[in-house]
Amino acid sequence: MSSWRTDPQRIWRWLGWSCIVIGVFYFPAFPWYLLGEVKEEEIGHWALCSMVGGAVILLGARLYRKGGGQTKRLLLLVSLAGMAVLLLGQVPALNSWMIFQGNLIRHWPVSPSVGFFFGVALHGWLVLLVLAALTAACLSLAGRGDSEIRISRREGLRYLLGLGSLLALWWGWDAYQARGWIANTYPADGMEHVPVQTVVTVAWKGSYKTMGMRVRYEDSPEAAVPGASGATQYGMTFEPEGGFQPGRRVRIEVEAGRRTHVFRFTTDTK
């Protein structure tokens, strides 16, 4: 009987079903939705991606079992990129669980701590499966299980260079978009002698459905500036309660989707 190290489709089946199950836990329409009252649209979007991705992985496992050497090689090469993306996708999820911990599952009847460890375990399990899938794919491409699948060192280098080029292009385009997604802010970044009764406004290009704003004094980053915020899909506002303190440097961090923008200004001393 072949080992999973030389038969990737076995670990793909585990991974595919795991993605579907985890997606089901994060889809707000289901009664067993994990996060209770936290029902942001973005969470449901990623849950759907997880379920669809799991189905694609299961399809790939089936094609691998029935395919010939060339088909298996192609599926293995594609899986390397797919597994890398799936692995990176666990980083923000695990980071969110570490930051919010029991606050995400206060509705759990047993214990928020149990819910927290359950959520972390789901993504930890995916990480282990992805690492196992990457190991199996690399060993298979090295010819450990089937010599027909083996790729030469030159072919492997070409693939890595091509994949690296695509990632570099994507990163460059994303970095370009990140620098220009804000249309304007008031006060402008670096502005001085700003009246203490100023209402902060931020407008961005395009529209977003998830957003947030953090307002802090530069020398007191742990304490939020009290005030009222407003938002539309095109921007946000913040009106400080009783005005900003005079002669203080204010730091504004605004988030929309996965974009983040930081700007600062200094209030008037009067």
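Hey, what angle do you get for helix 69-100 against the long axis of the chain, alpha-carbon based, 0 to 90 degrees rounded to 10?
For helix 69-100, the angle is close to 30 degrees.
Loop only per DSSP, at most 15 neighbouring Cβ atoms within 10 Å: give me the GluC sites (Glu not before Pro) in the stretch 160-229, ordered by residue number.
Filter output for the stretch 160-229: Glu218.
Please state, to two decimals, what the Cα-based radius of gyration of the stretch 16-96 comes to when divided by 2.2 N^0.38 Å (N = residues).
The reported ratio for this selection is 1.27.
Could you go through the stretch 166-178 in sequence order and give the Karplus-derived ³J(HN,Hα) for each residue, using 6.51 cos²θ - 1.76 cosθ + 1.60 with θ = phi - 60°, rounded to whole Hz, and x for Gly and Pro?
5, 5, 5, 5, 5, 4, x, 5, 5, 5, 5, 5, 5
Counting only heavy atoms of the protein chains, get the accessible area per residue of the chain (1.4 Å probe) and round it to a whole Å² value.
Accessible surface, normalised per residue, equals 60 Å².
What number, in percent, do you get for the relative contact order of the chain if the mean sequence gap of Cα pairs under 8 Å and at least 6 apart is divided by its residue count? Could you put the intermediate results ahead of the total?
Numbers: 382 pairs, mean separation 42.2, N = 270.
After rounding, I find 16 percent.
Once Lys and Arg get +1 and Asp and Glu get -1 on their Cβ, which of Val127, Thr71, Gly206 lies farthest toward the positive end of the dipole of the chain?
Thr71
Would you work out the charge dipole size for the chain about its Cα centre, treating the Cβ of every Lys and Arg as +1 and the Cβ of every Asp and Glu as -1, and quote it to the nearest 20 debye?
1320 debye
For a test of the definition: using alpha carbon positions, the gyration tensor, and the 1.5 limit on a/c, classify the stretch 109-212 as rounded, prolate or oblate.
Numbers: a/c = 4.82, a/b = 1.67, b/c = 2.89.
Oblate shape, in that a/c is at least 1.5 and b/c is the bigger or equal ratio.
Distance from the Cα centre of the stretch 123-158 to that of the stretch 13-82, in angstrom?
One Cα centre to the other: 19 Å.
Relative contact order for the stretch 1-90: what percent, with Cα pairs under 8 Å and sequence separation of 6 or more?
Computed over the stretch 1-90, the figure is 32 percent.
Could you state the angle between the C-alpha long axis of helix 8-25 and the longest principal axis of the C-alpha atoms of the chain, as a value from 0 to 90 degrees rounded to the nearest 10?
30 degrees
Using the Karplus curve 6.51 cos²θ - 1.76 cosθ + 1.60 with θ = phi - 60°, what ³J(HN,Hα) values do you get for each residue of the stretch 54-64, in whole Hz, with x for Gly and Pro?
x, 5, 5, 4, 5, 5, x, 4, 5, 5, 5
Provide the packing ranking of 43-54, 11-22, i.e. peptides ordered by the mean count of other C-beta atoms within 10 Å per residue, highest first.
11-22, 43-54
Top mean-square fluctuation among Ala223, Ala81, Ala142, Gaussian network model of the chain, C-alpha springs under 10 Å?
Ranking Ala223, Ala81, Ala142 by mean-square fluctuation puts Ala223 first.
Give me the percent of the accessible area of the chain that comes from carbon and sulfur atoms, probe 1.4 Å, all protein chains in place. Working shown, then result.
Details: 9930 of 16170 Å².
Looking at the chain in its full context, I get 61 percent from C and S.
Return the aspartates and glutamates within reach of Lys205: Cα separation strictly under 14 angstrom, same-chain partners fewer than 8 residues apart disregarded; answer none if there are no such residues.
Glu255
The values are calculated or read from the model by the stated rules, or taken from the named source; none is laboratory data. Quick caveat: nothing in here was measured; it's all calculated off a predicted structure. Backbone-built Cβ (ideal geometry, glycine too); neighbour counts: all protein chains shown. The protein model used for the area step is the full one, side chains on, heavy atoms only, and it has no ligands, DNA or RNA in it. Shrake-Rupley method; radii C 1.70, N 1.55, O 1.52, S 1.80 Å.
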